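Notes follow once the structure below has been shown.
The values are calculated or read from the model by the stated rules, or taken from the named source; none is laboratory data. What you see is a predicted model, and the numbers here were worked out from it, not measured in a lab. All Cβ positions, even for glycine, are placed from backbone atoms using ideal geometry, and neighbour counts span all protein chains on display. Just so you know, the surface numbers come from the protein's heavy atoms only, side chains and all, with ligands and any DNA or RNA stripped out. Shrake-Rupley method; radii C 1.70, N 1.55, O 1.52, S 1.80 Å.
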Amino acid sequence: MPYTGVPEHFNMTTYLIDECNLAKGRKDKVALYYYNKGQAYTYQEVSDQVNKYANYLLDCNISKGQRIGFLLHDCPEFIFLFLAAIKVGIVPAIINTKMSNENIESVINNTDLKIVFTDEAKINNLSEETKERAKLIDDAIEQAKDMDITCEAYDSLRDDIAFILFTSGSSGLPKGVMHYQSSIVSCIEGYGNSILCAKEDDVIYSHSKLCFAFGLGPGLYYPMAFGATTIVNDDDNVYDIYDIIQKYHVTKFYAVPSIYNTLLMLAEDGKDYMAGCKLCMASGEYLPKRIETSWKERFGLPIYQGIGSTEMLHSYIHNSDEHHKLGSLGYIVPNFAYKIVDEEGNEVKANEVGTLLISGGSMMAGYFGQEEKTKSLIKDGYFNTGDRCSFDEEGFIWYSGRGNDAFKLNGEWKSAEEIEEIVLLNENVVEVIIQCESKDNEPSVITAYIVAKEGADYEDIAHSVKRVFFMKRKRNLCPTVYNFVEAIPRGTTGKAKRGSMNLAKVIKTIEC
């Protein structure tokens, strides 16, 4: 159901630009910085550009409700086109540029996109048939520059489909997730007000890109909703992050946990790269306690972890200044409700692990063209996240892995993340993924896939890790097999591909 906290007639673009900013006297306030070209755009300039691109799209003979695709790296024109399309009732579908060519072709065809905006590099990878729908972003920029800077907004309703995001495709082909015009307001009034607490003088930078739900919020609609400033960067080079944070005096920073881990390794002694930053957010995968603790020790800032999904648009559980407990996912965000249920659908008691169900005003309208799949995951107003979690007596929610990350061994459920936390206590372990594996019809054993620091002694790591498990009296969780690998396989969103550890190149195997 669409969020009912907004008027029935509601246009997302008009709300973000006109209502949240121009009507409040912010026309000369910087809305976004474009790092790669050193450009800046005020809210008035963003409004003018959005109207130009809206008129350009209308000239392309695209009808209300039709879908267009964005196969683009982050850039100002991406934002202008996205908001322009929504303003005139056209539905933009954002495609992850890191998808395989096969998946890109599938989502373009399955979503029936009339036009796909892309660049020279990507268009060459498309089939000849798909190229007929493609339009180069440079051509669009050239054609839009002389368009009128005024454009009347489409009289859309709050339950009209505004845009489409795609899932990562970790369990098959990526699914097109449809969101309402009103969906962002539920996130803004809940997460934005209580967790992000953005102000007009904030500069918000998300390393996660606009094609991801975790990136679209802090990269676009959260800053605009509060009259803050966002930063656009057209690549995800981790070596640029500290420079961006210092150059633009970033106050609020977003990244997936693996990026924080890399930044810690890149930080030179004595340099306060995060000076002026007030808030660091993480989501997308589990944040190990070691990383959060090391970050706090290094920069004096906590990393507030949360969990969200493309289907719910952004985070629905999060740590914050008000509710923070190390290692937890945090507290339920306002405008959301949750249940944790067992295999029969009964709600579990405190500290019992079950499947997390979420309800809220930003819940998707459904998967495009997959009505049965939608119905299978949304029942009685709750979305089945597939995440296994528990809650404690204080209301904090704890992550125990995806359905396929938690496993049964000797009849008991084990948490891969709990085991990984202990392995990561070893200072020579950079990353680890835990799997439950069986070979040659032998009983299943806990297997650790480890990326070690350069020059580390593999034998010493394996035996040291084992000693820690025994000291903690958790020998039932101790890995039996240690596979030392060059790298952990990752998907298009940067998340570890737990189901693809067979693709990791094993350097050495130790059993102990």
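Among what's in the stretch 323-362 and is surrounded by 15 or more Cβ atoms within 10 Å (Cβ to Cβ) and free of Cβ contacts under 8 Å to residues at least 40 places away in the same chain, pick the residue that is farthest from the chain's Cα centre (by Cα).
VAL341
Tell me, yes or no, whether the stretch 85-103 has at least one residue that is modelled with pLDDT under 95 and aliphatic (A, V, I, L, M).
The answer is yes, given that some residue of the stretch 85-103 is modelled with pLDDT under 95 and aliphatic (A, V, I, L, M).
How many residues, within the stretch 251-294, are outside any helix (DSSP H, G or I) and of a type outside the set (Gly, Ala, Ser)?
Residues in the stretch 251-294 being outside any helix (DSSP H, G or I) and of a type outside the set (Gly, Ala, Ser): 20 in total.
Taking the stated definitions as given, is GLU459 open to solvent by 30 Å² or more (accessible area, probe 1.4 Å) and in a loop (DSSP other than H, G, I, E, B)?
No; evaluated as a whole, the condition is false for this residue.
Please determine whether any residue of the stretch 403-422 is at pLDDT 95 or above, surrounded by 13 or more Cβ atoms within 10 Å (Cβ to Cβ) and either within 24 Å of the chain's Cα centre (by Cα) or hydroxyl-bearing (Ser, Thr, Tyr) (or both).
Quick first cut of the stretch 403-422, residues at pLDDT 95 or above only: none.
Within the stretch 403-422, not a single residue is at pLDDT 95 or above, surrounded by 13 or more Cβ atoms within 10 Å (Cβ to Cβ) and either within 24 Å of the chain's Cα centre (by Cα) or hydroxyl-bearing (Ser, Thr, Tyr) (or both).
From the list GLU77, GLU45, GLU19, GLU8, exactly one residue is modelled with pLDDT of 95 or more, within 27 Å of ILE115 (Cα to Cα) and open to solvent by 60 Å² or more (accessible area, probe 1.4 Å). Which is it? Walk me through how you get there before you give the answer.
Working: GLU77 fails: open to solvent by 60 Å² or more (accessible area, probe 1.4 Å); GLU19 fails: within 27 Å of ILE115 (Cα to Cα); GLU8 fails: within 27 Å of ILE115 (Cα to Cα).
Unique residue meeting the criteria: GLU45.
Restricting to the stretch 226-249, what's the tally of residues that are buried (at least 22 other Cβ atoms within 10 Å of the Cβ), touching an Asp or Glu at 6+ places or on another chain (Cβ under 9 Å) and either in contact (Cβ under 8 Å) with a residue 40 or more places away in the chain or outside any loop (DSSP other than H, G, I, E, B) (or both)?
Result for the stretch 226-249: 2.
Under 7 Å between Cβ atoms, at least 6 apart or on separate chains: pull out the pairs that start in the stretch 119-147 with a residue that is among the β-branched types (Val, Ile, Thr) and end on any residue that is in a helix (DSSP H, G or I) and open to solvent by less than 50 Å² (accessible area, probe 1.4 Å).
Listed pairs, sorted by first residue: THR130/GLU105; THR130/ILE108; ILE137/GLU77; ILE141/GLU77.
Mind checking which residues of the stretch 178-196 are assigned to a helix (DSSP H, G or I), open to solvent by 10 Å² or more (accessible area, probe 1.4 Å) and of a type in the set (Ser, Thr, Tyr)?
SER194
Go through (1) touching a Leu at 6+ places or on another chain (Cβ under 6 Å); (2) under 22 Å from SER362 (Cα atoms) for VAL232 and report which single condition fails.
(2)
Taking the stretch 477-512 only, how many residues are in a loop (DSSP other than H, G, I, E, B), open to solvent by less than 70 Å² (accessible area, probe 1.4 Å) and at pLDDT 80 or above?
Number of matching residues: 8.
Do we find that PRO218 is in contact with a Phe, Trp or Tyr (Cβ under 7 Å, 6 or more places away or on another chain), modelled with pLDDT of 95 or more and within 21 Å of ILE317 (Cα to Cα) in this structure?
In short, yes.
Tally the residues that are open to solvent by less than 30 Å² (accessible area, probe 1.4 Å) and either at pLDDT below 90 or part of a helix (DSSP H, G or I) (or both), restricting the search to the stretch 107-122. Give the derivation first.
Going through the stretch 107-122, the residues open to solvent by less than 30 Å² (accessible area, probe 1.4 Å) turn out to be 107-108, 111, 113, 115-118.
Next, only the ones that are either at pLDDT below 90 or part of a helix (DSSP H, G or I) (or both) stay: 107-108.
Summing the residues that are open to solvent by less than 30 Å² (accessible area, probe 1.4 Å) and either at pLDDT below 90 or part of a helix (DSSP H, G or I) (or both) in the stretch 107-122 gives 2.
Hey, any hits in the stretch 292-302 for a residue that's out of contact with any strand residue (DSSP E or B) (no Cβ under 7 Å at 6 or more places or on another chain), buried (at least 16 other Cβ atoms within 10 Å of the Cβ) and farther than 29 Å from ILE245 by Cα?
no
Quick test for you: out of LEU157, LEU165, pick the one residue that is in contact with a helix residue (DSSP H, G or I) (Cβ under 6 Å, 6 or more places away or on another chain), of a type outside the set (Gly, Ala, Ser), surrounded by 14 or more Cβ atoms within 10 Å (Cβ to Cβ) and modelled with pLDDT of 95 or more.
LEU165
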